[in-house]
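Presented below is the structure to which this report refers.
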Amino acid sequence: MQINVEMIKNLPLFAKLSDKEIEASLKIFKLIEPNEPNYRIFEEGGVGDSLFLILKGTVEIQKTIDAEKGTYKILAVLPAGSFFGEMALLTGEARSASAVLRGEDSKLIKVDRNEFMNFMASTPQIASLILGALVNSLSERLRNTSTDVVTLYETGRIIGKNNNFNEIVSQILDRMIKVTNSSAGFVMLWNDVVECFECTIGLPELPPVTFLPNNSHLAKYWMNLDIPVTQNTSDKFVEPIELGFNQPSVMYTPLIVKVEDPIQNYKTVNKVAGIAVLVSPQPKAYSLQHINLSKSVADQVSQAIVNSKLNMENQARREHSLVYVTPDL
């Protein structure tokens, strides 16, 4: 496959360049077709010498937690059209995280730093337009990052000052609705006793359906989620008709906790303890920033929500015992 003008023009980073300007810069773009579903693009700590753009597939940005055990944290999942590795293009600094390309028949475009520097020297006018587009995108990312930092700080503050389940969920849900410009949101937690998802808190009100049994299509779908998904980014999306409404944009964020599984000799595994749902009447309302922020908030709050719910249930049991257990006469 040859890289052509239309291919580059369809990438948001270069959308404002003319066909002539793109054609003049085609020589700096190199197509990468790894022909494997889990291609490691670069490793954390490696030499930073190029910018990448995603033509097809998704890219996981991973931060190493324990190199010997091979454990890592997913910092972001980037869809087609996104770019990454921009600091390597600008400064040549070492990679701060690893990148893995996911999906069959995935494709990347690579911009080598040396090639770009030579292009700047020979064609400064067009190179400056590309740099301008890159700086504008980075500025937007910085603004979004500022919002994310404040939201994560507020999430920690809410968890730290509250032990009450209703207060924690309501305040964090309210914050996420405002940050993502959603029209409504709610949290459904998994109930092990009756094996269903049930909802007790929703803003501005509860959804039409507050109970989902484990054999429903949506419940089965939720139990297998590991990252947030939206209607416009997930190819396995299940329509929210089971919840009693139909909005153009819906985002599901799994609340994942670590538990000891007796079936696997009490091995520690991840379990979906609940789902946070945000909805919007606007088509394609949820961006990559929203997805990544929602995952970060969920990582921070999942265990706190489950613990506070258990504390609330234990308190209810104690109060029930005090009412119904009387001394012998």
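The values are calculated or read from the model by the stated rules, or taken from the named source; none is laboratory data. Worth saying up front: this structure is predicted, and the values here are computed from it rather than measured. Note: ideal-geometry Cβ built from the backbone for every residue, glycine included; neighbour counts use all protein chains shown. Side chains included, ligands, DNA and RNA excluded: accessible areas come from the protein's heavy atoms. Shrake-Rupley method; radii C 1.70, N 1.55, O 1.52, S 1.80 Å.
For the chain, modelled as a Gaussian network with Cα springs under 10 Å, which listed residue fluctuates most, GLN125, GLN247, GLN303?
In the Gaussian network model the winner is GLN125.
Could you check how much of the accessible area of the chain is carbon and sulfur, as a whole percent, using a 1.4 Å probe?
Ligands and nucleic acids excluded, carbon and sulfur give 53 percent.
So who's got an amide H within less than 5 Å of the one on GLY48, skipping anything under 5 residues away but keeping other chains? H placed 1.01 Å off N, in plane.
ALA94, ARG95
Determine the calculated [θ] at 222 nm for the chain from helices alone, applying -39500 (n - 2.57) to every DSSP H run no shorter than 4 residues and normalising by the residue count; nearest 500 deg cm²/dmol.
That comes out to -12500 deg cm²/dmol.
Using the Cα centre of segment 36-126 as the reference point, and only Cβ charges (+1 on K/R, -1 on D/E), how large is the resulting charge dipole? Debye, rounded to the nearest 20.
180 debye
What is the set of long-range amide H partners of SER106 at a cut-off below 5 Å, with H atoms built 1.01 Å from backbone N?
Counting only residues 5 or more places away or on other chains, the set is ASN35, GLU36.
Tell me the net charge near VAL179. Cut-off is 14 Å between Cβ atoms, VAL179 excluded, with +1 for each Lys or Arg and -1 for each Asp or Glu.
Surrounding charge for VAL179 is +1.
Reported to two decimal places, what Rg/Rh ratio describes the chain when computed on Cα atoms with Rh from the Kirkwood expression?
Radius of gyration over Kirkwood radius for the chain works out to 1.05.
Report, in debye and to the nearest 20, how large the dipole of the chain comes out about its Cα centre when Lys and Arg carry +1 and Asp and Glu carry -1 on their Cβ. Before the final figure, lay out the partial values.
Values: 31 positive and 37 negative charges, 106 e Å.
The dipole of the chain has a size of about 520 debye.
When the Karplus curve 6.51 cos²θ - 1.76 cosθ + 1.60 is applied with θ = phi - 60°, which whole-Hz ³J(HN,Hα) does each residue of segment 168-182 get, with x for Gly and Pro?
4, 5, 4, 5, 5, 4, 4, 5, 5, 4, 5, 5, 9, 6, 7
Add +1 for every Lys or Arg and -1 for every Asp or Glu among the other residues with Cβ under 15 Å from the Cβ of GLU140, and state the total.
+1
Accessible area per residue for the chain in Å², computed with a 1.4 Å probe and the full protein assembly in place, what is it?
It amounts to 55 Å² per residue over the chain.
Give the angle, between 0 and 90 degrees and rounded to the nearest 10, that separates the Cα long axis of helix 124-161 from the longest principal axis of the Cα atoms of the chain.
Rounded to the nearest ten degrees, it is 10.
Of all trypsin sites (Lys or Arg not before Pro) in segment 1-67, which ones are in loop regions per DSSP and have a Cβ with at most 12 other Cβ atoms within 10 Å?
Answer in residue order: LYS16.
Tell me whether segment 1-119 comes out rounded, prolate or oblate; compute the Cα gyration tensor, take square roots of the eigenvalues as a ≥ b ≥ c, and use a/c under 1.5 as the rounded threshold.
Prolate.
Kindly flag which residue pairs out of LYS56/LYS110; LYS73/LYS110; LYS73/LYS267; LYS63/LYS295; LYS30/LYS107; LYS9/LYS107 have an alpha-carbon separation exceeding 22 Å in this structure.
LYS73/LYS110
Between PHE42 and residues 5 or more places away or on another chain, which pairs have amide H atoms under 5 Å apart, with H built 1.01 Å from N, and which residues are they?
For PHE42, whose amide H was placed from the backbone, the distant partners under 5 Å are ALA99.
How far is helix 113-122 tilted off the main Cα axis of the chain, in degrees rounded to 10, range 0 to 90?
That works out to roughly 40 degrees.
Would you mind pulling out the separation of the Cα centroids of segment 243-259 and segment 1-78, in Å?
Result: 29 Å between the Cα centres.
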